[in-house]
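K.L.:
Submitted below is the structure of interest, expressed as structure tokens.
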């Protein structure tokens, strides 16, 4: 006789059906950490190295192997991006039920949105932003677009390390050599080969996705620049008054037309770094008064020393015994 | 082929030539046709009955009549012959057919007059009625969600029944008991593997392995059942995502 299953039992069975069977692997299941688009992420024990790692396992039913290929492609892309700002991949393979998986470093941090709730100073937030830019610029230099940059895909570790995660929608637009850091020509604007997906499917997250990506048009690195602009907006939204120069940077990064945006992540990062250092940014023309004010602020120590010297000399002259 | 029991083999690639349930209900062989219809009825009769009771607010007796009427038409192939897989998924088509049947219930007298032409199916309505009392009282739901939820409940129950049978046949009753304990019974997951190992007289590592195997087999059977109940690869994938709670 068929048994009655409560709603909670159905939920548990759904979850159970998704648990990976790790028989025949060197990993032991500990618990589930989360669910992404293609698969679940589990905390597992690596019995060979006696350490905990994260395992991403395909959840989707994959009749023709498309999604499996995509998961393994994601693993290979990340494996090639050896950078302190990108979570390293250690291993990949197939489970006994045919589902693919890959193993990555277990990042025990917080998602960006959670982390910044405890970071009040705009300057501290911008330093995090620059670390994100570093990782994305590195990926671009290796010919990889992320295509789903958003606060939920950035982790901040307990020691302040910033990691760009979830490269599931990433796209290799150029095969670069290991040591190549030059600007890949394939990443340049209007490359006809560069499509969001083979079928023009829209992938990404609304609100953080560039307009051309939303439309399913061809995208290049400027789509990631747009998403970084949206992250910059997210990071500065709590600030009581966002300086005009920073607003201009954000607007430039999020320009509707990609040809009006920063053309590279490095350009965007340079402007944000300049802003942090009290230098003018390229996208905000300053009048002589503002420039003078900025010069004074930047050189205030020297100016104060000079002033102190002048005052001291004046006092000496004034009180000199006659 | 050794892979036949693994739904297309270890890589889960399903053979595209496998007959869908609809094709089987249209088979020239009476036995094949009957098997397919039995499978459809076993998976859908409870969702249909509960849907008529909950969504249409019909009473117990009226819902029984309508359910019988619906599946009689199904058996007589008048409903399935009109189904076009390219236009809708089977589950949605069946639900819309139920809607049509209920909306035309003013022809109830005509239905009752059919007498001997109606094939009365041995459906356990008392159990289904009892299950309705176990369901949480929904304040708002949409018909598709309600029907999907009940279909998932029905399919999972069928899969568990099949898993139970397979485990018994292969001397793996402990495997199935562990699945029941952790994934079906309330509060089971609060038990530690050590506690469970002591209770069943097995090693703690066996608990991990047995449970993993039972879960893997459950997944396999669910997908196998679902494969049978769908009519195309695309529908199968979409239904699997819905059934296993995986979103794209």
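The numbers here are math on the coordinates, done by the rules we state, and not lab data. Keep in mind it's a predicted model, so treat the numbers as computed, not measured. Every residue, glycine as well, gets a Cβ built from its backbone with ideal geometry; the counts of neighbours run over all protein chains shown.
K.L.:
Note down the nm distance, to one decimal, between modelled labels 7 Å out along Cα→Cβ at residue A:117 and at residue B:142.
P.N.:
3.0
K.L.:
Additional query: Hey, for a label at residue B:185 modelled as a point 7 Å past Cα toward Cβ, could you say which residues of the stretch B:160-174 have their backbone N under 14 Å away?
P.N.:
Residues B:174 fall inside that zone.
K.L.:
If you don't mind, another one. Please average, across the residues of A:26-35, the number of beta carbons from any other chain that are within 10 Å of each residue's own beta carbon, and give a whole number.
P.N.:
Mean shielding by partner chains, rounded to a whole number: 1.
K.L.:
Take the Cα atoms of the stretch A:41-96, find their three principal axes, and give me the spread along each one in whole Å, biggest first.
P.N.:
34, 25, 15
K.L.:
Determine the shielding of peptide A:94-103 by partner chains: average, over its residues, the number of Cβ atoms on other chains within 10 angstrom of each Cβ.
P.N.:
That works out to 4 on average.
K.L.:
Given R₀ = 41 Å, FRET efficiency for residue A:313-residue A:43 by Cβ-Cβ distance, to 0.05?
P.N.:
Computed FRET efficiency for residue A:313 and residue A:43: 0.05.
K.L.:
I've got another one for you. What FRET efficiency do you get for residue A:259 and residue B:205 if R0 is 56 Å and r is their Cβ-Cβ distance, rounded to the nearest 0.05?
P.N.:
E between residue A:259 and residue B:205, to the nearest 0.05, is 0.40.
K.L.:
Ratio of alpha-carbon Rg to the 2.2 N^0.38 Å globular estimate for chain A, to two decimals, please.
P.N.:
1.28
K.L.:
Give me the extension gain from residue B:164 to residue B:125: residue separation times 0.36 nm, minus the current Cα-Cα distance, reported in nm with one decimal.
P.N.:
Going from the current span to full extension adds 11.7 nm.
K.L.:
By how many nm would the segment from residue A:277 to residue A:241 lengthen if fully extended, with 0.36 nm per residue of separation less the alpha-carbon distance?
P.N.:
Fully extending the segment from residue A:277 to residue A:241 adds 11.1 nm.
K.L.:
Report the relative contact order of the stretch B:145-248, percent, no decimals, based on alpha-carbon pairs under 8 angstrom and at least 6 residues apart.
P.N.:
28
K.L.:
Say each of residue B:38 and residue A:4 gets a label point 7 Å from the Cα, pointing the same way as Cα to Cβ; how far apart are those two points in nm?
P.N.:
So the label points at residue B:38 and residue A:4 sit 2.7 nm apart.
K.L.:
Ratio of Rg to Rh for the stretch B:160-248, alpha carbon only, Kirkwood?
P.N.:
1.06
K.L.:
Each label point is 7 Å from the Cα along the Cα-to-Cβ direction; what then is the distance between the points at residue A:214 and residue B:195, in nm?
P.N.:
In this crude label model, residue A:214 to residue B:195 measures out at 5.1 nm.
K.L.:
Extension gain residue A:298-residue A:90, at 0.36 nm per residue separation less the Cα-Cα distance, in nm?
P.N.:
Computed gain between residue A:298 and residue A:90 is 70.3 nm.
K.L.:
What does the average come to when, for each residue of peptide B:147-154, you count the partner chain Cβ atoms lying within 10 Å of its Cβ?
P.N.:
2
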